[in-house]
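J.: After the structure tokens below, expect a handful of questions from me.
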Amino acid sequence: MQQFVVPQFIDVEDKILGPLTVRQFIILLVGGGIIFLAFRFGDMSLKIFSLVIIGGLSLVFAFGKVGGQMFHYFLLNLAQSARKPSLRIWRKDYQKDELEYLRKRDTDTNVMKREERKVVKRERIRDLALVVNTGGFYNPDDDL
């Protein structure tokens, strides 16, 4: 029988630069580029704004985790839940005549016959165990 190597730790991202993963490096690179452009071409208020807001957001997106999942996955799940909630509650109020009708209907139709249990012989269980253990090669009808 041929053996195959099963990959393990597939949920761990590869590290490229020290403890940084590819995703973290790209997020920090884009945030740093935006801050650099603001420092190069902007006035003092834009420099402070970009440093605080863009720098903070890039750090949160790169390193932040909420509930064990990355922050951008958390935001995507939050937006999806806000757009299409999965909790549905249906409250139907029945009238008294509807309840009476349902009670009468359920008592008439839910009468079931009790089935008798079949008795299984010990030899049949032994034969089934042999079929399973031999992978289907054993046939109980061949013994006859």
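The values are calculated or read from the model by the stated rules, or taken from the named source; none is laboratory data. Since the model is a prediction, treat every value here as computed from it, not as a measurement. All Cβ positions, glycine included, derive from the backbone under ideal geometry; neighbour counts span all protein chains shown.
For every residue, the table says whether it meets (1) surrounded by 10 or more Cβ atoms within 10 Å (Cβ to Cβ); (2) modelled with pLDDT of 90 or more; (3) among the small types (Gly, Ala, Ser).
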residue: 24; (1), (2), (3): yes, yes, no
residue: 29; (1), (2), (3): yes, yes, no
residue: 37; (1), (2), (3): yes, yes, no
residue: 42; (1), (2), (3): yes, no, yes
residue: 49; (1), (2), (3): yes, no, no
residue: 56; (1), (2), (3): yes, yes, yes
residue: 61; (1), (2), (3): yes, yes, no
residue: 65; (1), (2), (3): yes, yes, no
residue: 82; (1), (2), (3): no, no, yes
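J.: In segment 102-137, how many are modelled with pLDDT of 85 or more and either part of a helix (DSSP H, G or I) or among the hydroxyl-bearing types (Ser, Thr, Tyr) (or both)?
T.: 13
J.: From 16, 27, 53, which residue is of a type in the set (Val, Ile, Thr) and either under 18 Å from the mean Cα position of the chain (by Cα) or assigned to a strand (DSSP E or B) (or both)?
T.: After applying the criteria, what remains is 16.
J.: For a quick check of your reading of the model, give me the residue pairs whose first member lies in segment 1-24 and is farther than 18 Å from residue 69 by Cβ, whose second is surrounded by 10 or more Cβ atoms within 10 Å (Cβ to Cβ) and hydrophobic (A, V, I, L, M, F, W, C), with beta-carbon atoms closer than 9 Å and at least 6 apart or on different chains.
T.: Partner pairs satisfying both residue conditions: 14/22; 15/22; 16/22; 16/25; 17/25; 20/28; 20/62.
J.: Quick one: in segment 56-78, which of the residues that are hydrophobic (A, V, I, L, M, F, W, C) and outside any helix (DSSP H, G or I) is farthest from residue 11 (Cα to Cα)?
T.: 66
J.: Further, regarding this structure: So residue 35 clears everything in (1) among the aliphatic types (A, V, I, L, M); (2) outside any helix (DSSP H, G or I); (3) in contact with a Leu (Cβ under 8 Å, 6 or more places away or on another chain) except one condition, right? Which one?
T.: (2)
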